[in-house]
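Peer 1: Here's a structure for you.
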Amino acid sequence: MTTPEPAAPEAAVQEAAVPELAASEPTAAVAEAPRAAAPEPAAPEPAAPQAATPEAAVPGAAPGRGASLHRGAESPVYNDLPHRVLKPGVRATINKMIMRVSLEGVENVPFDEPLIFAGNHSSWLDGPLVVIEAPRTVRCLVKSEMYTKIVGRLLLISGQIPIDRGRPDREALHTALDELSRGGAIGVFPEGTRGSGEMAAVQHGIAYLAVHSRCRVLPVACLGTGNALPKGARWPRRSAPVRVVFGKPFEVDVPANPRSRRALAAVAEDIRVRLLDHLETARAAPGETAA
């Protein structure tokens, strides 16, 4: 079985999010800032009169969180009927028959505010599990190479957002911000690509999304997915238990200059430390599985 690999929105951030970011490899760390910063390109004006303005508060945002910096909303509204109708049955089938998945911390997931789900990434299973196991609809940023044939159709039906990691993909980034401006949930894996899942470094894309949407980040620890579906395997091993642990959402400090590369780097590092803390706490809890 081939499962989609989520993509970090770093390539989009390099142009659309932070003009100071130099173009680089989509999953590479951002280089030092140039001496002179170019002015931030203006986002397109809303197509509909009811669309949010730069000063409009994010729906469902916690009191005192401030106004969203994203104009929104230009992308089509996603109808999450497939999630509401199909997810319970799909979740039960995967958790009981195909794999051995246990859920923890579901009570930490709020339903009444925009949210960024952020998880560690050591297997292709991580993205699908976050989408399927989350008690609310989550739309992940997924690399555009996955949008072919049947897999591509399933990704589109389930509302996942394609992102071209080989260029500054402004459309993908703005689609994610639109979803958040409507009170929805976005899933990202800020390490950028599959690896050890140890949160040694995170891309700055998640910092941009959190700062410009003014919404909270909810950490997710996917434990055991590397053993359940090792690299090169086509089908998950049911003998390998998997845990999906949802943490408590947290706010990020919005910098005075949200266009500053250094400011976003500081926010990204704060997010990394918080995600790592959740990952270590989840591993230390009873019922731990190998990551």
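Throughout, read-outs are computed from the coordinates displayed, never taken from laboratory work. Here the structure is a predicted model, which means the values were calculated and not measured. With ideal geometry, Cβ positions are generated from the backbone for all residues, glycine too; neighbour counts draw on all protein chains shown.
Peer 1: Calculate the translational D of the stretch 135-291 in whole µm² s⁻¹ from Stokes-Einstein, where the hydrodynamic radius comes from the Kirkwood formula applied to all Cα pairs, the temperature is 25 °C and the viscosity 0.890 mPa s.
Peer 2: 145
Peer 1: Further question: If you put +1 on each Lys and Arg Cβ and -1 on each Asp and Glu Cβ, how big is the dipole of the stretch 76-129 around its Cα centre, in Debye rounded to 20?
Peer 2: 380
Peer 1: Report, in listed order, any pair from Lys87/Lys248; Lys96/Lys143; Lys96/Lys149 with a Cα-Cα distance greater than 26 Å.
Peer 2: Going by Cα-Cα distance, Lys96/Lys143; Lys96/Lys149 fall outside the 26 Å limit.
Peer 1: Please work out how much length the chain gains when fully extended from Ala233 to Leu154, using 0.36 nm per residue of separation minus the C-alpha to C-alpha distance, in nm with one decimal.
Peer 2: Difference between extended and current length: 26.4 nm.
Peer 1: Tell me, in nm to one decimal, what length is gained between Glu171 and Ala201 on full extension, where the rule is 0.36 nm per residue of separation less the Cα-Cα distance?
Peer 2: 8.3 nm is the gain from fully extending Glu171 to Ala201.
Peer 1: Expressed as cubic angstrom per residue, what is the convex hull volume of the alpha carbon set of the stretch 103-171?
Peer 2: In the stretch 103-171, the Cα hull volume divided by residue count equals 119 Å³.
Peer 1: Would you kindly state how much longer the chain becomes between Val273 and Met97 on full extension, computed as 0.36 nm times their sequence separation minus their alpha carbon distance, in nm to one decimal?
Peer 2: 59.8 nm
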